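Below you'll find the structure, written out as structure tokens, and then a few comments.
The values are calculated or read from the model by the stated rules, or taken from the named source; none is laboratory data. Only a predicted model underlies this, so the values are computations on that prediction, with no experimental measurement involved. Neighbour counts are summed over all protein chains in view; Cβ atoms, including those assigned to glycine, are modelled from backbone coordinates with ideal geometry.
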Amino acid sequence: MNPTYLLLIILGLILLAGIRVIYEYKRALKFRFGKYVKTLNPGFRWIIPIVETIQVVDIRVITINIVSQEVMTEDNVPCSIDGVVFFKIYDPEKAVLEVEEFSFAITQLSQAALRDVCGKVELDTILSNREEMGKNIKAIVEVETHEWGIEIMDVKIKDIQLPENMRRMMANQAEAERSRRARIILAEAEEQAANKLLEAGLQIDKSPSAIKLRLYQTLSNIAAEKNSTILFPFPEEVLPRKKRKSE
């Protein structure tokens with residue numbers, strides 16, 4: 001084979017071996033003989049095979065689950081809490097060069113922060129203020145990740161597992177609270193009804209005609225029941241008095 005053709009084939013293979021395509025949502029750090037050179041932007045890129053290598057970093061929002069952590073709250077209630085962390089790399093160079101494995105590091109930081117934050121408050125606070133707990137965890141984690149070129153977007157507490165006896169106690173407490181509210185509402189309704197009846201009685205007392213109308217209405221309602229016979233005492237004082245004939 002002609003040496004020229006052989007040289008062209010080898011050169012073509014070298015050129016093909018160095019072709020790299022970087023997607024829009026990624027960045028690539030180029031190293032030459034192990035030393036960082038620069039960060040490659042998206043598009044068609046070429047590196048020198050063997051001499052140069054690249055490490056690709058995803059700059060989209062990434063999620064990491066916080067595995068369930070055993071936490072003892074301030075009021076000595078044991079519980080298991082898990083969550084999720086949302087973060088984004090804004091400086092690929094720092095994310096690769098400043099920390100060995102940023103995903104693992106963020107996971108460890110988040111677990112420690114979750115135990116620290118939830119261990120300083122009572123159980124009721126955790127249950128009612130999950131959003132606030134997440135913000136406190138985020139504030140602790142992002143202090144460290146800022147040095148790594150990583151922004152913590154948000155931290156959410158997903159699930160809180162309580163012991164069986166604690167769940168029963170909370171269910172009983174909730175049932176008692178619902179019963180208390182129902183009794184209060186019933187008492188308020190009875191009070192309002194009594195006030196209305198009192199107002200109606202006062203109005204009827206002011207007018208004898210109103211007493212008659214109420215009596216006639218009651219008789220009409222009773223007469224609608226055709227299957228029973230009811231004796232109703234007729235108050236004499238509500239009847240019209242007969243005029244005596246003058247002698």
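GLU101 is checked against (1) surrounded by fewer than 16 Cβ atoms within 10 Å (Cβ to Cβ); (2) in the same structural domain as GLU142 (by TED's automatic domain parsing); (3) in contact (Cβ under 8 Å) with a residue 12 or more places away in the chain and fails just one. What number does that condition carry?
Result: GLU101 passes all but (3).
Identify the residue in segment 31-67 that is part of a loop (DSSP other than H, G, I, E, B) and of a type in the set (A, V, I, L, M) and, among all such residues, is nearest to PRO163 (Cα to Cα).
The extreme case among them is VAL61.
Is there a residue being assigned to a helix (DSSP H, G or I), crowded, with 16+ Cβ neighbours inside 10 Å and modelled with pLDDT under 95 anywhere in segment 162-172? Even if it seems obvious, please write down each step before you answer.
Step one: filter segment 162-172 for residues assigned to a helix (DSSP H, G or I), giving 164-172.
Imposing the further condition that a residue be crowded, with 16+ Cβ neighbours inside 10 Å reduces the set to none.
So far as segment 162-172 goes, no, none of its residues is assigned to a helix (DSSP H, G or I), crowded, with 16+ Cβ neighbours inside 10 Å and modelled with pLDDT under 95.
Might you let me know whether segment 118-126 holds any residue that is closer than 30 Å to LYS35 by Cβ, among the polar types (S, T, N, Q) and surrounded by 14 or more Cβ atoms within 10 Å (Cβ to Cβ)?
Within segment 118-126, none of the residues are closer than 30 Å to LYS35 by Cβ, among the polar types (S, T, N, Q) and surrounded by 14 or more Cβ atoms within 10 Å (Cβ to Cβ).
Can you work out which of the residues in segment 104-117 that are surrounded by 14 or more Cβ atoms within 10 Å (Cβ to Cβ) and among the hydrophobic types (A, V, I, L, M, F, W, C) is farthest from THR73 (Cα to Cα)?
Per the criteria, the residue is ALA105.
Filter segment 68-79 for residues that are on the phi < 0 side of the Ramachandran plot and loosely packed, with under 13 Cβ neighbours inside 10 Å and give the result.
If the condition is that a residue be on the phi < 0 side of the Ramachandran plot and loosely packed, with under 13 Cβ neighbours inside 10 Å, then GLU70, MET72, ASP75 are the ones that fit.
Taking the stated definitions as given, is GLU70 outside any helix (DSSP H, G or I) and in contact with a Ser or Thr (Cβ under 8 Å, 6 or more places away or on another chain)?
yes
Looking for whichever is surrounded by 13 or more Cβ atoms within 10 Å (Cβ to Cβ) and under 30 Å from GLY83 (Cβ atoms) here; the options are ILE22, ILE54, ILE64, ILE47. Which one fits?
That would be ILE64, the only listed residue that is surrounded by 13 or more Cβ atoms within 10 Å (Cβ to Cβ) and under 30 Å from GLY83 (Cβ atoms).
Can you tell me which of GLU190, GLU144, GLU132, GLU151 is outside any helix (DSSP H, G or I) and not hydrophobic (A, V, I, L, M, F, W, C)?
It is GLU151.
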